[in-house]
Amino acid sequence: MSAPLVYLDAATAAPLHPVARQALLAALDDGWADPARLYTQARRARQLLDAAREAAAATLGVRADELSFTPSGTTAAHSAVLGGLAGRRRAGGTLAHSAIEHSAVLHAAERHAAAGGTAISVPVDRLGRIDPTTWSAAVAAPGVALAALIGASHEVGTVQPVAEAAAACAAAGVPLYVDAAQLVGRAPVPDGWSLLTASAHKWGGPPGVGLLVVRKGTRWESPWPADERESGRTPGVVNLPAVVAAAASLRAAAADAAAEAARLAPLVDRIRARVAAEVPDVEVVGDAVDRLPHLVTFSCLYVDGEALLHALDRRGFAVSSGSSCTSSTLRPSHVLEAMGVLSHGNVRVSLHRETTEPDVERFLAELPGIVAELRAEAGVVGL
C-alpha cells in the first residue's frame, strides 16, 4: 500500500479552503449573469460582486473603490508595473526593482525596457534582503517613475523591509508597488505602498483570481485597451463565482493567520534545524528569523534537483525547487543566483492549514535517505 500523499507546495498554490468551496458552489447558482446588466439576475450578480469587493477591501484595510479583481496574480502584477509606469511617464521612464522580484514583475520590466524604458535591479544580500541604503539611492535616482519590491520572497521566505523601503520612496516622491502574494492571508502588509497585488490561490482561494489595489492619489494608467469593467483597470468580465470564493476565503484565512503562523513557524524551525543537522553538505537559505512562517528552502550539494523532486514525489511528497539542475533550464533560480547561495538540489517546502506535525516528521525521516541514495547513484559517497 502506497504512503499517503503529503502536499508541501503551498507557496505555489494552497489547497482550496473549505470556505472557498462553499462560496464557489453557492455563487455558481447565483452569480452566472453579467453584473453590468440591469435585469434581476444581473442585479443579483452585481450584489455578489460588490459584497466580494467590500469584503476583500475590508480584509486588506483599503477602500473598495481602490481594489479590482483580475484574471490572475500575474495579470495584476503586469497591470501594477506597466500601469504605474504609464501613469508616471512624465516623471521618467525608469523602474527600480529588487533583484528577487517574481518573474511576472521581471517580465513586465522586460516589456517596459523593450519599449524604450529602463529597469534597474537593486541587489540583495545572502539572506535575500535588500539593503535600505542601496534601495534609497536607487529610488532617488533621476527619472525613476516607479519602484517594485516583493513583500516576502516566494522562494526563500525572507521578509523585506517594506516600511523602510516605502519611506525612502516617499522621500523621493516615487510610488511603491508591493507584490504581496505570499503575505496576503498569512501576515500583515506594512503601510506606505501605492500599488499592491495578490493571488487568491496562494491563500486557499480558487486559481484564476488576482487582486490589484491602486491607492487614491496614485497616478496609474491602464496598459490594456479601454474597458469599462473593474474601474477600467483590467479588461473582461470577472469570473464572479471564483471572485466570491476568493473574497470569502481571504476573510477566513486572514482571521486564522496569526494562529496558523504560530502553529506552522515551529514546524519550519524544526525543518531548518533537522535538515542542517541530518543531511550532509546542505545549505538552508533565507533569513532564519525575519521570514514567512510557512516556508523554508534548502539546497543539497551533489544532487540533481530534478531527480530529487522526482524521488520525493515517488515517496509521496510534493515540493518545489529553484534548482539549477533541471531539464528545463541551465540557469539557477534568479532569486538564488542574486543571493549568491547554493542552488544545486534545491528544495522549497511550504506548509498550509492542512499540514500536520506527522507530515513534517515523515518528510524529515525520509529526506536524508533519499538524498544519500541519489548521491550514491551519482557516485558521490563517503559524505
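Observations on the structure shown:
- The charge dipole of the chain, taken about its Cα centre with unit charges on the Cβ atoms of Lys, Arg (+1), Asp and Glu (-1) only, comes to about 1040 debye.
- Scanning the chain for chymotrypsin sites (Phe, Trp or Tyr not before Pro) lying in DSSP loops with no more than 16 further Cβ atoms inside 10 Å, the longest uninterrupted stretch between such sites is 40-301.
- Taken one residue at a time, the phi angles of region 162-170 give Karplus couplings (6.51, -1.76, 1.60, θ = phi - 60°) of 4, 4, 5, 4, 5, 5, 5, 5, 4 Hz. Gly and Pro are set to x.
- Max mean-square fluctuation residue, GNM over the chain, Cα-Cα springs under 10 Å, options Leu25, Leu60, Leu308: Leu25
- Ordered by solvent-accessible area of protein heavy atoms (1.4 Å probe), largest first, the residues Ser103, Ser199 come out as Ser103, Ser199.
- Each Lys and Arg Cβ is given +1 and each Asp and Glu Cβ -1; about its Cα centre, region 17-120 then shows a dipole of about 280 debye.
- MRE, 222 nm, helices only [DSSP H, n ≥ 4, -39500 (n - 2.57), over the chain, to nearest 500]: -13500 deg cm²/dmol
- Per DSSP, loop GluC sites (Glu not before Pro) in region 210-263 with at most 12 further Cβ within 10 Å: Glu228
- Summed side-chain charge close to Ala311 - residues other than Ala311 whose Cβ falls under 15 Å, Lys, Arg +1, Asp, Glu -1: -2
- Cβ-defined net charge surrounding Lys216, 12 Å radius [Lys, Arg +1; Asp, Glu -1]: +1
- The loop-placed trypsin sites (Lys or Arg not before Pro) in region 68-134, going by DSSP, that have at most 16 neighbouring Cβ atoms within 10 Å of their Cβ come out as Arg89, Arg90, Arg126.
- The residue among Ala148, Ile130, Ala3 whose Cα reaches farthest toward the positive pole of the charge dipole of the chain, with charges on the beta-carbon of Lys, Arg, Asp and Glu, is Ala148.
- Under 5 Å from the amide H of Ser98 lie the amide H atoms of Val122, Ala148, Ile150, each residue being 5 or more positions distant or on a separate chain, with H modelled from the backbone and absent for Pro and chain starts.
- Counted charge near Tyr7, where neighbours are those whose Cβ lies closer than 9 Å (Asp, Glu -1; Lys, Arg +1): -3
- A probe of 1.4 angstrom, applied to the heavy atoms of all protein chains, finds Ile120 with accessible area near 50 square angstrom.
The values are calculated or read from the model by the stated rules, or taken from the named source; none is laboratory data. For clarity, every value in this text was computed on a predicted model and none was experimentally measured. Positions of Cβ are generated from backbone atoms using ideal geometry, with glycine treated the same way; all protein chains shown enter the neighbour counts. Side chains included, ligands, DNA and RNA excluded: accessible areas come from the protein's heavy atoms. Shrake-Rupley method; radii C 1.70, N 1.55, O 1.52, S 1.80 Å.
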